[in-house]
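Just below is one structure, and these are the notes that go with it.
The values are calculated or read from the model by the stated rules, or taken from the named source; none is laboratory data. None of the values given here were measured: they were computed from a predicted structure. FYI the Cβ positions are ideal-geometry reconstructions off the backbone, even for glycines, and counts take in every protein chain you see.
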Amino acid sequence: MNEIEVKSAKIRSGMFLTFTFEKSDDKRTDTIKDDSDLPFHEDLKQAFYNLIPHLVLVSELDKEVNIVNYIDNGIDLESENEAELQFKYAIDEFKIDGSGDTEGLVLVGRKILSTGKEIKITSPKVKFYEPEDKKQYRFLGELTERLEALKTEVVEYLNGKHAPLPQQEMEFPEDDDEAFNQEEEQKHVA
């Protein structure tokens with residue numbers, strides 16, 4: 001049986017995805033890096049946005065009291081009240097590296113300044129397993145839950161879930177259709 005374990009995903013051009021995953025069976029594990037030219041689904045975008053509060057807290061960019069609600073409830077992309085957080089920060093990538101006790105997550109994003117300029121942010125690595133004597137990220141359970149939701153969306157993207165492609169239409173002037181039909185009729189008469 002094949003198992004897929006997503007190890008990283010990165011947003012390209014605001015609508016496409018580059019990703020790395022491990023595909024395992026009974027005999028071996030292959031690491032596959034790929035990207036797609038299909039636009040990702042809104043659910044995948046939402047799953048990325050739900051990691052923004054963790055990027056902010058892990059990187060100590062804002063006070064915990066201002067961010068906890070977003071950790072509990074996620075970010076509502078449609079809410080005007082929550083627009084401030086999504087216009088201040090963006091998340092572009094996650095990477096899982098290490099193994100065993102050293103396995104952890106790194107988030108990569110941006111802080112958007114009032115001038116419109118951006119600062120790239122790479123969070124410190126959040127280890128999934130931290131000894132009890134070490135200070136652990138307080139919201140590790142919530143972070144892991146959001147990460148698993150995002151990894152599920154990436155797997156669904158791999159399996160064909162993407163944003164609808166725009167319908168392309170070709171318009172033909174009605175006069176041309178009539179002229180073509182008249183020419184065809186004349187050929188058959190002759």
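Looking at segment 81-128, which of its residues are under 20 Å from GLU5 (Cα atoms), at pLDDT 90 or above and in a loop (DSSP other than H, G, I, E, B)?
Hits for segment 81-128 are GLY98, GLU103, LYS125, PHE128.
Would you mind telling me which numbered condition in (1) surrounded by fewer than 17 Cβ atoms within 10 Å (Cβ to Cβ); (2) within 20 Å of the chain's Cα centre (by Cα); (3) closer than 17 Å to SER59 by Cβ PHE94 fails?
Only one criterion in (1) surrounded by fewer than 17 Cβ atoms within 10 Å (Cβ to Cβ); (2) within 20 Å of the chain's Cα centre (by Cα); (3) closer than 17 Å to SER59 by Cβ is unmet by PHE94, namely (1).
Can you name the helices (runs of 4 or more DSSP H) wholly within segment 18-80 that have at least 3 residues being of a type outside the set (A, V, I, L, M, F, W, C)?
So the answer is 42-49, 64-73.
Of all residues being crowded, with 16+ Cβ neighbours inside 10 Å and under 19 Å from the mean Cα position of the chain (by Cα) in segment 59-80, which is modelled with the highest pLDDT? Just the residue, please.
Once the filter is applied, the top-ranked residue is ILE71.
Can you spot a residue in segment 96-117 that is touching a residue at least 60 places away in the same chain (Cβ under 8 Å) and of a type in the set (Val, Ile, Thr)?
Yes, the conditions are met somewhere in segment 96-117.
Say we look at segment 10-33 and pick out the residues that are acidic (Asp, Glu) and farther than 17 Å from SER99 by Cα; which of these is surrounded by the most Cβ atoms within 10 Å (Cβ to Cβ)?
So the residue we want is ASP25.
Only residues that are modelled with pLDDT under 95 and over 20 Å from VAL56 (Cα atoms): list them for segment 129-154, please.
TYR129, GLU130, PRO131, GLU132, ASP133, LYS134
Conditions (1) under 17 Å from THR144 (Cβ atoms); (2) in contact (Cβ under 8 Å) with a residue 40 or more places away in the chain, marked per residue:
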| position | (1), (2) |
| --- | --- |
| ILE32 | no, no |
| HIS41 | no, yes |
| HIS54 | yes, yes |
| VAL58 | yes, yes |
| ASN66 | no, no |
| ASP72 | yes, yes |
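Being polar (S, T, N, Q) and either closer than 27 Å to PRO124 by Cβ or touching a helix residue (DSSP H, G or I) at 6+ places or on another chain (Cβ under 9 Å) (or both) is the filter here; which residues of segment 13-63 pass it?
Answer for segment 13-63, where residues must be polar (S, T, N, Q) and either closer than 27 Å to PRO124 by Cβ or touching a helix residue (DSSP H, G or I) at 6+ places or on another chain (Cβ under 9 Å) (or both): THR18, THR20, THR31, SER36, GLN46, ASN50, SER59.
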